[in-house]
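Peer 1: Mind having a look at this structure? Questions to follow.
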Amino acid sequence: MVAPLSPAQLESASDKLKVIEATQASQKDAPRPSSRSGWETEQAEQGGSGMESSIMPTVPGGSRDSPGKRPGRQWFGLPFGQPQKDNRQSTTQDKPSSSSAGTGASTDSVASSSMTPSVKDSRHLSDPRHSLNKGSRDDSFLSTISESTTSDETCDSKRVFGPPLIDVYSDGSTRDKPSDVLQDFRQLFAITHQESAEQMQQLLRCESFDKPLPMQRNVVPVIKSAFQDESKSFITIQGSPHAGKTSALALGILGAVGSDMTGIRAIALSTGDVREFKKCFDIVGDAHPIRLCCFESSKRRVSFAGLDADPVAGVSLHEDMERLCSDLGSGAPGMIYGHPSRVLPLLREAPAWGIDLSNVQVLALDDAEDAIRQGLMDEVCEVCTILRHFSKQRLRHIMLSHFLSNESKSLLRCLRTSLVKQSNLFGIQAHRTQARAKAVNHYFAVAPRARWPAMLAVLHHALSLPSGIIFDDESVDARTRTRVSLRSLGVTASVWNALAEQKSGARAAARDGQAGSPKGPAFHLMPSDLAVLKVDLPMVRCILHFDVPKKELSVYGLRLMCLEQQEQKKGSRKNGMSSKSLSVLFVEEADIVCELEKTYHIRMQEVPLDMLPS
């Protein structure tokens, strides 16, 4: 409680106010004088007679007497007696202080209110939390919080709490803007039985999921449409940190996957913690049929400067595979969520362990910019290659990231090219494949599939081709028929169903194929599965391709990794089909040859027609 001023003090204060008003009126265009000198003069002239507490408030955040610091009051430079712009301050001027009494009560109230806000008002200005009244939200408080929220350099400050940026790319690289909005969580489980939907909605409500967040309102319908519309190939979602992107991804998958969708339906890769994603599945786990299997990166307790933590340190691949088989091996709807470095080894071993990947529809990448920054794009692209090869569904890609600046948006274009077109523009694996391709002689022949065995037999007898591998992804029966045709034409061939013989080793399977056959070059028919899974394969000097999937041109480069690397001796001018490792492609249409030449920057020569049977 501030004691009322005496008449003498009021008169002295009034005189000083007039002097200050005259000084400021004459120096409107002059720079502001140092507030510290003005405060010191007033304090010296007043002599500590109570004026310090009524006219000169304490500087928040520091002492008045600390050298080199200015007072924190921003109202000191305003002309006294003029109305303040702040509504709270003008209200203080209109209502005199009720604590004032005596003859000078009214004058003291007007003087103090015109010079400075009250202690209560200053507390409200310094701490926005005081703007909350009995738990109600105040717009000024929310705006204060949004303005003070820190974000990355790539994040637009105007979009901290704004709607997400969503781009949907369909077939033909057409770009669409989604229009559906999730109004209520009752719409989330529209494909589920009514009783189960009400139960899951009640479970969400018990965990404070009353209304969808702005991020969830816009993102959840897009996630659901990715499972229902096969034309959507690539979806990018940009949003501010901690705005609900991860939970929107989880809710969208929960709303899209029903009990009639068996097998693994989605795989989500993330460099962050699994708690935010797993939380939504744990809430509705008792009522929803989908099963989630998480494999986050290992966290080591001791870290060293300049040394990145190994995400798979101390992790047993055998234990992970046993847990994966236990959780998702029953055929019920399921999904995998985890770090790229842990999920990739699991997918490499999944076919050998009997894990079915043929039903995967969606590949999601959370915090895409972190995966790029940590150099994990080789792993992400390889995961995508495995899924595109083994899945019978059309694979859709969903990328979540922070708001990106105009300069950084090229990352999304590179990411779309790396995943959709299977051309990794971030890592070094693509450069290795291209380097291997340039060290190989490439040939192709265009003819109906029924003529391929006879054409291969003619090439083998005319050029004495070395032992090699024939990659054929048609079917087991097709490979068996090809073997019979080659043997009838005098070519030694064996069938290796790679996945069934993976545990016995590639070289052992090759020896078994040669058992009981005459000595000389032999060819082993096999699918591209182990080349995609990067399992140890025999190194040969000749690769023959019975067609290449049009949507998986990267498989051609993976097959070339089975070729031996030969060092050409100095002075050797030997040219022709036998000077380097050979790659011969048999296709029914020549269009794919042009695509391979552009992808690997190579020149493919057509086999002379006079060497082929008519």
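The values are calculated or read from the model by the stated rules, or taken from the named source; none is laboratory data. Here the structure is a predicted model, which means the values were calculated and not measured. A quick note on method: Cβ atoms are made from the backbone with ideal geometry, for glycine too, and the neighbour counts reach across all protein chains shown.
Peer 1: Has segment 555-571 got any residue that is modelled with pLDDT under 90, of a type in the set (Lys, Arg), out of contact with any Cys (no Cβ under 8 Å at 6 or more places or on another chain) and farther than 15 Å from Asn441 by Cβ?
Peer 2: yes
Peer 1: Here is a further query. Are any of the residues in segment 597-604 modelled with pLDDT of 90 or more, closer than 30 Å to Leu346 by Cα and either assigned to a helix (DSSP H, G or I) or β-branched (Val, Ile, Thr) (or both)?
Peer 2: no
Peer 1: List the number of the failed condition for Gln202; all other conditions in (1) outside any loop (DSSP other than H, G, I, E, B); (2) buried (at least 18 other Cβ atoms within 10 Å of the Cβ); (3) modelled with pLDDT of 90 or more hold.
Peer 2: The single condition Gln202 does not satisfy is (2).
Peer 1: Which members of segment 548-567 meet the condition of being part of a helix (DSSP H, G or I) and of a type in the set (A, V, I, L, M)?
Peer 2: Val555, Leu558, Leu560
Peer 1: Here's another thing I want to ask about it. Among the residues of segment 354-373, is there at least one that is touching a residue at least 40 places away in the same chain (Cβ under 8 Å), within 24 Å of Leu560 (Cα to Cα) and not aromatic (Phe, Trp, Tyr)?
Peer 2: no
Peer 1: Conditions first: (1) of a type in the set (Phe, Trp, Tyr); (2) assigned to a loop (DSSP other than H, G, I, E, B); (3) assigned by TED's automatic domain parsing to the domain that holds Lys550. Trp452 passes all but one, so which condition is the exception?
Peer 2: (2)
Peer 1: Can you pull out every residue in segment 257-271 that is surrounded by fewer than 23 Cβ atoms within 10 Å (Cβ to Cβ) and either within 16 Å of His397 (Cα to Cα) or more than 13 Å from the chain's Cα centre (by Cα) (or both)?
Peer 2: Result: Gly258, Ser259, Asp260, Met261, Thr262, Gly263, Arg265.
Peer 1: State which residue is modelled with the lowest pLDDT when the search covers only segment 473-494 and only residues that are part of a helix (DSSP H, G or I) and closer than 19 Å to Leu530 by Cα.
Peer 2: Looking at the filtered set, the residue picked out is Val476.
Peer 1: Let me ask something else. Residues in segment 245-274 that are of a type in the set (Lys, Arg) and touching an Asp or Glu at 6+ places or on another chain (Cβ under 9 Å): how many?
Peer 2: Number of matching residues: 1.
Peer 1: Determine whether Met399 is in contact (Cβ under 8 Å) with a residue 12 or more places away in the chain, outside the structural domain of Ala531 (by TED's automatic domain parsing) and assigned to a strand (DSSP E or B).
Peer 2: Yes: the conditions hold for Met399.
Peer 1: Can you tell me which residues in segment 511-528 are modelled with pLDDT under 90 and either in a helix (DSSP H, G or I) or polar (S, T, N, Q) (or both)?
Peer 2: Within segment 511-528, Arg511, Asp512, Gly513, Gln514, Ser517 meet the criteria.
Peer 1: Under 9 Å by Cβ, and 6 or more places apart or on different chains, what pairs join a residue from segment 169-193 that is surrounded by 15 or more Cβ atoms within 10 Å (Cβ to Cβ) with one that is modelled with pLDDT under 80 and basic (Lys, Arg)?
Peer 2: Close Cβ pairs (under 9 Å, with a partner that is modelled with pLDDT under 80 and basic (Lys, Arg)) amount to Tyr169/Arg175.
Peer 1: Looking at segment 523-539, I want the residues that are without any contact (Cβ under 8 Å) to a residue 60 or more places away in the chain and have a partner that is of a type in the set (Lys, Arg) with Cβ atoms under 7 Å, at least 6 apart or on another chain. Which pairs are those?
Peer 2: Once the first residue is without any contact (Cβ under 8 Å) to a residue 60 or more places away in the chain and sits in segment 523-539, its partners that are of a type in the set (Lys, Arg) give Leu525/Arg479; Leu525/Arg483.
Peer 1: Right, another one. So is Met335 assigned to a strand (DSSP E or B) and either closer than 28 Å to Glu474 by Cβ or modelled with pLDDT under 95 (or both) or not?
Peer 2: Answer is no for this residue.
Peer 1: Follow-up question, since we're still on this one. Among the numbered criteria (1) of a type in the set (S, T, N, Q); (2) in a helix (DSSP H, G or I); (3) farther than 23 Å from Pro340 by Cβ, which single criterion is violated by Ser240?
Peer 2: Every condition holds for Ser240 apart from (2).
Peer 1: Can I ask one more? Can you go through Ser225, Ser179, Ser173, Ser196 and tell me which one is within 25 Å of Val360 (Cβ to Cβ) and at pLDDT below 85?
Peer 2: Ser173
Peer 1: If Tyr337 meets every condition in (1) of a type in the set (Ser, Thr, Tyr); (2) more than 16 Å from the chain's Cα centre (by Cα); (3) surrounded by 21 or more Cβ atoms within 10 Å (Cβ to Cβ) apart from one, which number is that one?
Peer 2: Result: Tyr337 fails condition (2) only.
Peer 1: State which residue is surrounded by the fewest Cβ atoms within 10 Å (Cβ to Cβ) when the search covers only segment 205-235 and only residues that are assigned to a loop (DSSP other than H, G, I, E, B) and among the polar types (S, T, N, Q).
Peer 2: The extreme case among them is Ser208.
Conditions (1) among the small types (Gly, Ala, Ser); (2) within 24 Å of the chain's Cα centre (by Cα); (3) modelled with pLDDT under 90, marked per residue:
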residue	(1), (2), (3)
Leu357	no, yes, no
Leu387	no, yes, no
Ile398	no, yes, no
Arg413	no, yes, yes
Val420	no, yes, yes
Gly427	yes, yes, yes
Trp452	no, no, no
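Peer 1: Same structure, new question: Read through the list (1) of a type in the set (A, V, I, L, M); (2) assigned to a helix (DSSP H, G or I); (3) surrounded by fewer than 20 Cβ atoms within 10 Å (Cβ to Cβ), then give the number of the only condition that Leu419 fails.
Peer 2: Leu419 satisfies all of (1) of a type in the set (A, V, I, L, M); (2) assigned to a helix (DSSP H, G or I); (3) surrounded by fewer than 20 Cβ atoms within 10 Å (Cβ to Cβ) except (3).
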